[in-house]
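Have a look at the structure below, then the notes.
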Amino acid sequence: MEYNFREIERKWQEKWRESGIYKTEEDESRPKFYVLDMFPYPSGAGLHVGHPLGYIGSDIYARYKRQKGFNVLHPMGYDAFGLPAEQYAIQTGQHPAITTGKNVDRYREQLDKIGFSFDWERSFKTCDPDYYKWTQWTFIQLFNSYYDNKQSKALPIAELESFFAANGTYGLCAAETEPMDFTANDWNSFDERQRQETLMNYRLAYLADTWVNWCPELGTVLANDEVVNGLSVRGGFPVERKLMKQWNLRVSAYAERLLQGLDTVEWSDSLKEIQRNWIGRSEGAAVWFPLAKNGPADWKEIYMGSVEGVKSEVAFEIFTTRPDTIFGVTFMVLCPEHEMIASITTDEQKDEVESYVTWAKNRSERERQAEVKKVTGVFTGAFAVNPLTEERIPIWVSDYVLSDYGTGAIMAVPAHDSRDFAFARHFSLPIRQVVAPSQDEVSNPDTWSESMDSKTGVCVNSGFITGMTVKDAGKAVIEKIKALGIGYGTVNYRLRDAIFSRQRYWGEPFPIYYKDGMPYTVPENELPVLLPEVDRFLPTETGEPPLARAKDWTYNGFQMEYSTMPGFAGSSAYYLRYMDPKNDTALVSEKADKYWQQVDLYVGGAEHGTGHLIYARFWNKFLFDIGVSCKDEPFKKLINQGMIQGRSNFVYRVVGTNKFVSLNLKNDYETTPIHVDVNIVHNDILDIEAFRNWMPDFKDAEFVLENGQYVCGWEVEKMSKSKYNVQNPDDLVERYGADTLRMYEMFLGPIEMAKPWDTNGIEGVFRFLKKFWKLYFDQNGEFSVSDDEPTKQELKTLHKTIKKIEDDNERFSFNTAVSAFMICVNELQEAKCCKRAILEPLTVLMSAYAPHIAEELWSLLGHEDSVVTTGFPACDEHYLQDDEYVYPVSFNGKMRLKMSFPANFSPKDIEPKVLENPDVQKWLDGKTPKKIIIVPKKIVNIVF
RNA sequence: GCCGAAGUGGUGGAAUGGUAGACACGAGGGACUUAAAAUCCCUUGCCCAUUGCGGGCGUGCGGGUUCAAGUCCCGCCUUCGGUACCA
């Protein structure tokens, strides 16, 4: 019987569906294991071969874990809200829900063909109201929480209200948008509006005027991770900065926990490092620099008392990571957005400062980034006082200081910071060296070509810290400013709060309405707030988001929020929902959460390192704080499948003709390379007939062949339609079957490595499966398996394979596992082994990789049950032992000959036998060896 | 610039510090066949020798540690990913 993969795969996929064999339930009697793939955004283009790479890997692991006795949760769903469906809706008028539905059906169809063991009963889309109800619910909890820095956790906002009523802000230690200062009496006399505005400064989901990345083309704001090089990730449109009232999530409150948590998860070092950089923790000091309004004489009075006593109208708070260089400060710089600029600028400088600030604020992100090296700035005419040297220093404004990091104001130390250096040189400001490699290596900074940014060395020209190492001096300065009450040691993070509003239609509506201009939440029992219908998916004429078009978009007569939530809202807790997807009283029941705990293995692309994987961790930590999730970290182990790049093929057209010349002859002509559809090229040989039919232009093409064939060139590029290098898995499944595709995708290389997609080797895997199939059939094609006792050699082959597959599965080395199967089948074929005792366990091993063929053979072997419910075979090491072992014998490390000894020989027994060997004697040539190194079962090395 | 990962045949890639190139593709040769497909066998890192053997060189480059280095250490080069005025 032939290996008819089409029939076999159709048959078993149907059986699995009918029997619901992959349905999962909580089962206290078995240990659990949760394997999750990053769910896909169902785009119109369907799945390409890059998608299943991770899914196949996780499916193999899930099946392997089931065989090992685990109760495996392995769900799949869709990240269905998002821009492409909406852009399509704008162009065609078709509702995004319809487009999304169609795409989801197509994805499902494609996924089903590959034979995954997903529990589809747990599936959902993020745009399902039953699901986004809980996204909205979580938002309400965020709105009603603040972050307590002492306990390092989120607490109910009501507790903050009681705190204010009793203490005002005195002793408060909470994450905040900006510092506030009021007493209990103040609070108690506040009206409702003032209280709401105050609380907004602390809520974890808060509304605030925010400098945002505004993308006019998309008509929406974007988060930092959605903007690359000043262009939107989706569409590549320019992005500008704009001050807008936006919802934000106080992700920054969790910066330290997000950083610490990385030490507790099993992720790749590179991905952890990406997140650490994104969080960007830096230790340093905050220092108050007073304004020298009336000269140095009166500034000291300002400092009577504590830091709290310093009035921000007369002093600037700066952040520095180099307090040790404070004696080298020669000027200060404020960001153009700094609120004190207007009040300090002198009359003479007013016009110049105003025009600079206007210019700087209107510069687009892209312009700003393109001109990073260009130094711009303006002097305010005002001076500050360096609190340690009592010197007057000029205050400048420049856009190299960012408004949203630190305090938007810096002390400039041009000698030891490259940006300050460039600025000082450009505007001829003084540069003073305060750090040197050693006391006597001081030089004239005017002769320097760059600043000395090194954080090693000793302080010079630095008052009381002169002579100290940089490290000690930093500590000493912090002590000093603390004692003086003008500053303190502190930590700053690069991680910003996440902007949470999108002025788009196709997203979760906010459960928020406005009363007297203040936002209030819709009661939880009225969730979900359904996405309303609109006539068009565009902003209104007055520039309001599309939801403003909805009829009667109100709650009890109050206007609802017009923005919707961003894509990451729906993807931030979906892994929790899979634990209990049908629950309509909770995001996840306590019971389900206690059982499944967290994702044990998460598989997906590293491109989500600074987006989804930060947001989901934040979201989960919050849910942990409020008792919804029992684990602080959502994803215990993470595997990043490498990106699949495209492998493009080219034909070479002779310039000005319709003649195409084969790769190795092209140097004889003047040619232009043209992308050719990879689907009409096999092993780099062009299917000429198919090429002629591919495009009308090529109908009458002529060819210059080599050896009767047209050889195409190739290059690794991004997979894209325009490069004709997209391969969709359906074609391969149709041609070779799902089992071949599964094994081939694994065979390509290590799952974590980026690699070009290349079908050139798929024949080999297909041949292997045919060979595997043939082991079970005799020459006449009849199924024929013998019950004879296997030989020692056959048992060795089997158990070697069991051990190897187990090891490889555990370390996700699926490519070497496929090779191990090939070796095994080759050996069995050579031995003409068709014994049940060997083939049965092999079938079970194979079932994780090629489940359809394994099921078919399992049933032919006479089993009633399914192979996927059968346990992983045990390896008996006894069969792996050799009677005899071949030692490579080397001289001074160079291999010369091989000798075999009984496996149980000890080094002591081997040594004399080696020396007796005539070849060894020849090599020794009468000399006595200095040393003989014998590593059992490894090598004999003679040193002389 | 900074951070991270990786450089091995014509190609994808194997190698707990111990015979580098497993396994596969491709290529060349052969068997079967009227023929093709399918299948099977042999060769295949480079160079020299080739009647048989055999010998030399080889894991991006330069050093080092070791009896022994693709693997460990130091210094470079290249490629890919992340990030980028983050004070």
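The values are calculated or read from the model by the stated rules, or taken from the named source; none is laboratory data. Worth saying up front: this structure is predicted, and the values here are computed from it rather than measured. Quick reminder, even Gly has a Cβ in these numbers, built from the backbone with ideal geometry, and neighbours come from all protein chains shown. Side chains are part of the model used for accessible areas, which takes the heavy atoms of the whole protein and leaves out ligands, DNA and RNA. Shrake-Rupley method; radii C 1.70, N 1.55, O 1.52, S 1.80 Å.
Annotations for the structure displayed:
- Karplus-derived 3J(HN,Hα), 6.51/-1.76/1.60, for each residue of the range A:603-610, Hz, glycine and proline x: 10, x, x, 6, 5, 8, x, 9
- Centroid-to-centroid separation of the range A:566-592 and the range A:243-293 [C-alpha atoms, Å]: 27 Å
- Entries in A:Lys796/A:Lys908; A:Lys153/A:Lys242; A:Lys666/A:Lys723; A:Lys792/A:Lys938; A:Lys594/A:Lys804; A:Lys723/A:Lys755 that, when Cα-Cα distance is taken, lie over 26 Å: A:Lys796/A:Lys908; A:Lys153/A:Lys242; A:Lys594/A:Lys804
- Share antiparallel - DSSP beta bridges, chain A, percent rounded to 5: 80 percent
- Check: the range A:377-430 dipole with +1 on Lys, Arg Cβ and -1 on Asp, Glu Cβ, in debye: 140 debye
- Value at 222 nm in deg cm²/dmol, rounded to 500, when DSSP H runs of n ≥ 4 in chain A each add -39,500 (n - 2.57): -10000 deg cm²/dmol
- When +1 charges are put on Lys and Arg Cβ atoms and -1 charges on Asp and Glu Cβ atoms, the dipole computed for chain A relative to its Cα centre reaches about 1840 debye.
- Zone of A:Glu371's modelled label, taken as backbone nitrogen in the range A:230-246 under 18 Å from a point 7 Å along Cα→Cβ: A:230-231, A:238-242
- Rounded to the nearest 20, the size of the Cβ-charge dipole of the range A:745-819 about its Cα centre is 260 debye, with Lys and Arg at +1 and Asp and Glu at -1.
- Accessible area per residue was computed with a 1.4 Å probe on protein heavy atoms; A:Lys374 scores about 120 Å².
- Once the Cβ-Cβ distance of A:Met899 and A:Lys930 is raised to the sixth power relative to R0 = 25 Å, the FRET efficiency obtained is 0.80.
- Global geometry of the range A:1-147, whether rounded, prolate or oblate, following the gyration tensor of its Cα atoms and the 1.5 cut on a/c: oblate
- Within straight-line cross-link reach of A:Lys272, lysines at Cα separation under 20 Å, skipping those fewer than 8 residues along the same chain: A:Lys621, A:Lys631, A:Lys636, A:Lys637
- Chain A: relative contact order as a whole-number percent, Cα under 8 Å and 6+ apart: 13 percent
- Options A:Asn201, A:Thr521, A:Gln439, ranked by Cα towards positive dipole end of chain A, top entry (Cβ charges): A:Gln439
- Extreme residue, positive dipole direction of chain A, given options A:Phe116, A:Gly749, A:Met719 (C-beta unit charges): A:Gly749
- Candidate residues A:Cys173, A:Cys335: accessible-area rank, largest first, probe 1.4 Å: A:Cys173, A:Cys335
- Between the range A:38-63 and the range A:724-742, the alpha-carbon center distance in angstrom: 13 Å
- Only lysines eight or more places from A:Lys373 in sequence, or on another chain, were considered; those with a Cα closer than 21 Å are A:Lys361.
- Taking a point 7 Å out from the Cα of A:Ala45 in the direction of its Cβ, the residues of the range A:720-762 whose backbone N falls within less than 18 Å of it are A:720-732, A:755-759.
- Residues with amide H under 5 Å from that of A:Phe891, placed H, sequence gap 5 or more: A:Arg896, A:Ile942
- Sulfur and carbon atoms: percent of accessible area, chain A [1.4 Å]: 49 percent
- Between the range A:761-813 and the range A:215-235, the alpha-carbon centres lie 52 Å apart.
- Accessible area (Å², 1.4 Å probe, nearest 10) - A:Asp787: 120 Å²
- For the set A:Cys215, A:Cys127, the ranking by accessible area, highest first and with no ligand, DNA or RNA atoms included, is A:Cys127, A:Cys215 under a 1.4 Å probe.
- The listed residues A:Lys636, A:Lys455 rank as A:Lys455, A:Lys636 when sorted by accessible area, largest first, using a 1.4 Å probe.
- Ligands, DNA and RNA are left out, and with a 1.4 angstrom probe the accessible area of chain A is 45 Å² per residue.
- Qualifying GluC sites (Glu not before Pro) in the range A:622-712, where qualification requires a DSSP coil assignment and no more than 13 other C-beta atoms within 10 Å, comprise A:Glu670.
- A:Thr389 accessible area, assembled protein chains, probe 1.4 Å, Å²: 40 Å²
- The phi torsions of the range A:733-738, fed into the Karplus equation with coefficients 6.51, -1.76 and 1.60 and a -60° offset, translate into couplings of 5, 4, 8, 10, x, 5 Hz, rounded to whole numbers, with Gly and Pro shown as x.
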